Amino acid sequence: MTEVPLPGGFGNTVVRVGDTVRRTPGERAGFVHELLRLLERRGWPGAPRFHGIDDEGREVLDFIAGHVAWAREQPAGLRSDACLAAVGGLLREFHDLTAGTALAGDREVVCHNDLSPKNTVYRESGAGLRPVAFIDWDLAAPGDRLHDVAHVCWQYAGLGEPGTGVAVAARRIRAVCDGYRLTDRSGLVAAILWWQDRCRRGIESAAMAGEPAMVRLRDSGAAARVRGAWEWVAAHRAALTRLLEGEELSDLA
Ligand SMILES: Nc1ncnc2c1ncn2[C@@H]1O[C@H](COP(=O)(O)OP(=O)(O)O)[C@@H](O)[C@H]1O
Ligand SMILES: [Mg+2]
């Protein structure tokens, strides 16, 4: 069958073959495959099914049809409150399915750890695009709910992007948290900063150690962009915290 390269990845060469995708397994593939099997047993449609390894040693996963938001220009609707809340809701479903399982170990849940619009399949719902599945599960690992929530807020709300003001950012973060039904938001801004810092250090140290994908990522400006986003959140930390704690947004947004 013909192999069609899929756009939007960074580390991996991913191809579509019929109704499947084929991709090189990540370093912790055993864990990821167990996770995908668990999600299949629970009947959760938010992740691709895992169908084993092909003759070339590649993972065989379901191709999930829809819009993957990897390109620079994206429909504005992806940042609507309703769409962001739906991302938060999908994340909540995933976390709840893993809480208390052997895969979560002694942590709250399994975290995806690489959530971004680039790793999300959206479909038209009638009321606009909505997330239907997360892909690219290579980095999934036991963790705390807040880590994935923080990562989602950073990546889907466009924190630190030119043109995203603090009131708009806070409103988008609120939408994600409302969708997730996150009650305690007090540690969220700190978690975003911690996570951004950890990502930047991770890219830089792996690039220093010569990992080819991380060298390319750093050289494409990714570490500098993450630092810029961290600086933006750090500069607006007090205002964001106040706005998330319930200060009225209507005058500002
Ligand atoms: N299961 C899937 N269903 C549909 N498209 C997929 C699927 N897996 C990957 N893709 C497409 O391939 C691209 C790269 O895949 P991804 O797993 O994110 O690789 P990378 O690890 O390189 O980021 C995605 O942006 C998406 O467009
Ligand atoms: Mg990806």
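The values are calculated or read from the model by the stated rules, or taken from the named source; none is laboratory data. All of these numbers come straight from a predicted model, not from anything done at the bench. Quick reminder, even Gly has a Cβ in these numbers, built from the backbone with ideal geometry, and neighbours come from all protein chains shown. Surface areas here come from the heavy atoms of the whole protein model, side chains and all, with no ligands, DNA or RNA. Shrake-Rupley method; radii C 1.70, N 1.55, O 1.52, S 1.80 Å.
Things to note:
- The chymotrypsin sites (Phe, Trp or Tyr not before Pro) of the range 1-108 meeting both criteria, a DSSP state outside H, G, I, E and B (loop) and at most 15 other C-beta atoms within 10 angstrom of the site's C-beta, are 10.
- Between residue 242 and residue 4, residue separation times 0.36 nm minus the direct Cα-Cα distance comes to 80.9 nm.
- Computed from the Cβ-Cβ distance with R0 of 22 Å, the FRET efficiency linking residue 116 to residue 220 stands at 0.90.
- In the chain, Cα pairs under 8 Å separated by at least six residues give a relative contact order of 17 percent.
- For the chain, a Gaussian network of Cα nodes joined below 10 Å ranks 209, 170, 157 by mean-square fluctuation, and the top entry is 209.
- Accessible area per residue in Å² at 1.4 Å probe, computed on the chain: 49
- MRE, 222 nm, helices only [DSSP H, n ≥ 4, -39500 (n - 2.57), over the chain, to nearest 500]: -14000 deg cm²/dmol
- The chain: DSSP helices with Cα axial extent of at least 15 Å and average Kyte-Doolittle hydropathy no lower than 0.0: 29-41, 81-98, 166-180, 188-208, 222-235
- Between the amide H of residue 58 and any residue lying 5 or more places away or on another chain, no distance stays under 5 Å, with hydrogens modeled in the peptide plane.
- Close amide H partners of residue 135, meaning residues 5 or more places away or on another chain with modelled amide H under 5 Å apart, are 120, 121.
- With all protein chains in place and ligands, DNA and RNA left out, the 1.4 Å accessible area ranks 214, 208, 1 as 1, 208, 214, largest first.
- Maximal additional length on extending the residue 184-residue 40 stretch stands at 48.8 nm, based on 0.36 nm per residue less the C-alpha distance.
- Sparsely packed loop sites in the range 21-77 (the trypsin sites (Lys or Arg not before Pro) outside DSSP H, G, I, E and B with at most 16 other Cβ atoms within 10 Å) comprise 28, 42, 49, 72.
- For residue 15, the residues whose modelled amide H falls within less than 5 Å of its own, excluding neighbours fewer than 5 places apart on the same chain, are 6, 22.
- Spin-label pair residue 76/residue 51, simplified geometry with 7 Å Cα→Cβ offset, distance in nm: 4.0
- Note on the range 30-156: with neighbouring protein chains present and a 1.4 Å probe, carbon and sulfur make up 50 percent of its accessible heavy-atom surface.
- Along the chain, counting only GluC sites (Glu not before Pro) with a DSSP assignment other than H, G, I, E or B and at most 15 other Cβ atoms inside a 10 Å radius, the longest segment between sites is 74-244.
- Shape category assigned to the range 67-244 from the gyration tensor of Cα positions, a/c cut at 1.5: rounded
- Label-to-label distance, nm, for residues given as residue 29 and residue 234 (7 Å Cα→Cβ offset): 3.9
- The range 52-181: relative contact order as a whole-number percent, Cα under 8 Å and 6+ apart: 32
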